[in-house]
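For reference, the structure discussed in these notes is given below.
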């Protein structure tokens, strides 16, 4: 088995509004058109407070990174503006990387993302990593952006972001979607040439080709593990043609894990919440998932013939299709080592909280993961010493 | 009844398939945003006209061109195609999305059009009688919305869920989305419709649930020589539902 010494563990939070109304199952989708009267700001505040505490605890427990992400018009996530959460985390944390995984560039002006992310990178003293997603199909129903031209616009936005960060400003940009007379973003990122970037996709060949071309990291979400690993294999092969090496640290995999004293207990404590996540959190319609032009007709054909992952799934289907485990530290460590080897990945996203999981279970899960699972993989406990250069930078 | 013959052209590098048949003055028909309901309705026209039904790029058997993303691109495409077909002056009939296309073409090239027929045209923003946003309708509910009598459209639908049928519809919706995802109307159209100086017939099904017949007076007000014919017990696909409407179009063009 390959070494697991290089593994890094990314603590990921969806920050859902999990207080669904009693009749929520009468809605075919908890995205796009799920009425916002079901959001109670008082409960929302409780969730934000609690979730932020969990993320701060992750820093204290030694997780290597804290991950936030962006979704719109859904109970699935309360982070339409993940940079705000990242900014709230920066002064409460000292060592973990802050990962905004991320704002779909299409849904913002690209120079604004360049500015925001540079702010976060400077404010955190170089702790930022960012992922650039195209955005789920659902986002295109609630943002005034054409899904049929999304990929071209996305590509242009990435070029603008990179130009803003790597070419001394002011520069100009003239494209099909954007035109900048003075591209001269202040501030500029702390990390040079820029914070580590990943693309996020759902396994479509267009995104894999783009990651290979740009030499970026890659992660695919909510597609079966086999398809994810195939995407990594394709990337390793295709990157070479562009003079890039797709190294282990560029492959990000997501693991839905619950750790407890025994496997029985882990499954019993976990089951309801992961089911809630898939059955209710991800519940949406094919129309919302794939607005016109969001995928190619070839890709649509493939997806129509594949199992629907946004709906009712059995535990067996979940554990077959995704990196899902509820078990003891030994078994969890073993599973992660295997997943890491199969994907040739050293960046493991750990979903500690899912669905309507209560705080005590999240704390138990993440604590056991940090204290019992990580040392089994890295043969040492997480590094709890704040990074010296950061301390110095703060002076 | 005679069948259409099929010809392929390459226009600006894009495969453009054209159905045609019949003898007489040319009648060009610009189709709507979905082609699954076929061309049976247009066959009676062949008795009096040389009927020409081009498939827009991105629809039916024509090829895709993702750089066609504005209605004006289709106007330019058809200038090229009509040149290739040697069409100087012709009758132009447009349905729904194709009605918008025909109207826009007519605002710029009225001299090439003998008479114009707009069948339930899209393109105007009419707050008093708003169009249905097709993107907001689940695909499986759409066919029933298109007609007054479901039996008319039933033969064109697959009996069992069919991946190729869904993918074909998705491709055409993608072509429609390139044009009008951002807004499903042209806010400038009303300003320039006075450029349509040719005799114009507006055809509408009274029960049109996609583009309501209540939009007809707005078109009539904006086009000087426009008359309106409305058909009871007919939906958006009024030409498929009412043979009388097909005959009236022919009668209008012959008069």
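Placing pseudo-labels 7 Å out from each Cα toward the beta carbon at residue B:248 and residue A:245 gives an inter-label distance of 7.5 nm.
Once both labels are positioned 7 Å from their Cα atoms along Cα-to-Cβ, the gap between residue A:306 and residue A:88 label points is 3.3 nm. Summarise the long-distance tail of P(r) for the protein assembly as shown by giving the % of C-alpha pairs beyond 38 Å. For the protein assembly as shown, the fraction of Cα-Cα distances above 38 Å is 43 percent. Comparing B:91, B:12, B:69 in a Gaussian network model of chain B where C-alpha atoms under 10 Å apart are linked, the largest mean-square fluctuation is found at B:12. The simple Förster model, with R0 at 22 Å and r as the Cβ-Cβ distance, assigns residue B:141 and residue A:222 a FRET efficiency of 0.25.
What average number of partner chain Cβ atoms lie no more than 10 Å from the Cβ of the residues making up A:290-297? Mean partner-chain Cβ count within 10 Å for A:290-297: 6. Semi-axes of the equivalent ellipsoid of segment A:163-210 are 25, 17, 7 Å, computed as sqrt(5λ) over the eigenvalues of the C-alpha gyration tensor in descending order. Take the Cβ atoms of residue B:72 and residue A:376, set R0 to 56 Å, and the FRET efficiency comes out at 0.30.
When the helix-only estimate is applied to chain B (DSSP H runs of n ≥ 4, each -39,500 (n - 2.57), divided by the residue count), what is the mean residue ellipticity at 222 nm, nearest 500 deg cm²/dmol?
Working: 9 runs with 82 residues, N = 255.
Taking each H run of at least 4 residues, the total per residue is -9000 deg cm²/dmol.
Counting, for every residue in A:141-147, the Cβ atoms of other protein chains within 10 Å of its Cβ and taking the mean gives 3. The calculated P(r) of segment A:226-385, using every Cα pair and 10 Å bins from 0, goes 9, 32, 33, 20, 6, 0 in percent. Averaged over the residues of peptide B:179-189, the number of Cβ atoms from other protein chains lying within 10 Å of each residue's Cβ is 2. Largest mean-square fluctuation among A:293, A:281, A:137, in a Gaussian network model of chain A whose springs join Cα atoms under 10 Å apart, belongs to A:293. What is segment A:55-139 by shape, rounded, prolate or oblate, if you read a ≥ b ≥ c off the alpha carbon gyration tensor as root eigenvalues and call it rounded for a/c under 1.5, prolate for a/b larger than b/c, and oblate otherwise? Oblate. DSSP bridge analysis restricted to the protein assembly as shown gives an antiparallel fraction near 20%, rounded to the nearest 5. Over chain B, what is the percentage of antiparallel beta bridges among all DSSP beta bridges, to the nearest 5? About 30 percent, rounded to the nearest 5.
Modelled spin labels at residue B:227 and residue A:338, positioned 7 Å past Cα toward Cβ, are 7.9 nm from each other.
Mean separation of Cα pairs under 8 Å and 6 or more residues apart, divided by the residue count, gives segment B:33-155 a relative contact order of 17 percent.
No value in this document is a laboratory result; all are computed from the given coordinates. Because the structure is predicted, anything quoted here is derived from the model rather than measured. Note: ideal-geometry Cβ built from the backbone for every residue, glycine included; neighbour counts use all protein chains shown.
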